[in-house]
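Heads up: the structure comes next, in structure tokens.
The values are calculated or read from the model by the stated rules, or taken from the named source; none is laboratory data. Please read all numbers here as calculations on a predicted model, not as lab measurements. Reconstructed Cβ throughout: ideal geometry from the backbone, glycine too, with neighbour counts over all protein chains shown. All accessible areas refer to the heavy atoms of the entire protein, side chains included, with ligands and DNA or RNA removed. Shrake-Rupley method; radii C 1.70, N 1.55, O 1.52, S 1.80 Å.
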Amino acid sequence: MSSQPDPNEKTLIVVKPGAVARGFVGEILGRFEKRGMKILQIKSQTMTKAKAEEFYSVHKERPFFGELVASFSGGMTVGAIVQGMDAVATVRRMVGATKSWEASPGTIRGDLAIGLTDNAIHASDSKESFERESKAYFS
Ligand code: CMP
């Protein structure tokens with residue numbers, strides 16, 4: 001495995017229903033563009049419950065799964081494939097901590113999120129997650 005960062009790495013971000021409803025799509029996508037990243041593909045959709053369950057299937061045994069699926073399928077989402085230098089890790093740093101009250105100011109969640117389930121945005125946590133989640137989202 002190379003230690004060199006990949007300048008063309010891809011990752012998936014999904015703006016969650018709460019952040020779409022609060023009007024933050026442009027602000028969030030703009031942050032990636034300003035950072036020099038490219039939006040390769042974009043789609044907006046209201047997820048069915050089944051599709052939300054498939055998307056978050058790694059969490060199916062967790063106690064918060066039902067609430068997560070209900071929230072994620074409860075309104076319009078906007079998903080995008082974002083490409084740039086070391087994209088998976090770079091985007092996760094820009095997104096900030098999962099618990100939005102712990103997210104640093106200047107991160108997307110630190111500036112725009114209001115909770116844990118409603119933490120504004122999902123971003124893939126590995127290349128493998130990107131492959132699986134982007135197939136689930138764009139299928
Ligand atoms: P996300 O990055 O989309 O990945 C899984 C989501 O589960 C997470 O953001 C949160 O919105 C949600 N979630 C709800 N409760 C928890 C919890 N206790 N720990 C982690 N994630 C949680």
- Members of the range 127-139 found to be surrounded by 13 or more Cβ atoms within 10 Å (Cβ to Cβ) and part of a loop (DSSP other than H, G, I, E, B), listed by number: none
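Give Phe72, Phe64 a once-over and let me know the one that is more than 19 Å from Leu12 (Cβ to Cβ), within 16 Å of the ligand (Cβ to nearest atom) and among the aromatic types (Phe, Trp, Tyr).
Working: Phe72 fails: more than 19 Å from Leu12 (Cβ to Cβ).
Going through Phe72, Phe64 in turn, the sole match is Phe64.
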- Out of the residues in the range 100-139 that are among the basic types (Lys, Arg) and without any contact (Cβ under 8 Å) to a residue 12 or more places away in the chain, state the one that is farthest from the ligand (Cβ to nearest atom). Lys135
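Residues that are in contact with a Lys or Arg (Cβ under 8 Å, 6 or more places away or on another chain) and in contact (Cβ under 8 Å) with a residue 40 or more places away in the chain: which helices (runs of 4 or more DSSP H) entirely in the range 24-95 hold 2 or more of them?
Working: elements: 25-34, 49-55, 65-72, 87-95.
Qualifying helices (runs of 4 or more DSSP H): 65-72, 87-95.
So in the range 88-99, with the set limited to residues that are of a type outside the set (D, E, K, R) and out of contact with any strand residue (DSSP E or B) (no Cβ under 8 Å at 6 or more places or on another chain), which one is farthest from the ligand (Cβ to nearest atom)?
From the range 88-99, those of a type outside the set (D, E, K, R) are 88-91, 94-98; that's our starting set.
Subset that is out of contact with any strand residue (DSSP E or B) (no Cβ under 8 Å at 6 or more places or on another chain): 89, 98.
Values: Ala89: 14, Thr98: 5 Å.
Among those residues, the one meeting the criterion is Ala89.
So that you can scan it fast, the table gives a plain yes or no per residue for (1) modelled with pLDDT under 95; (2) open to solvent by less than 30 Å² (accessible area, probe 1.4 Å); (3) in contact with a strand residue (DSSP E or B) (Cβ under 7 Å, 6 or more places away or on another chain):
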site: Gly66; (1), (2), (3): no, no, no
site: Val69; (1), (2), (3): no, yes, no
site: Phe72; (1), (2), (3): no, yes, no
site: Met76; (1), (2), (3): no, no, yes
site: Val82; (1), (2), (3): no, yes, yes
site: Asp86; (1), (2), (3): no, no, yes
site: Glu102; (1), (2), (3): no, no, no
site: Ile108; (1), (2), (3): no, yes, yes
site: Asp111; (1), (2), (3): no, no, yes
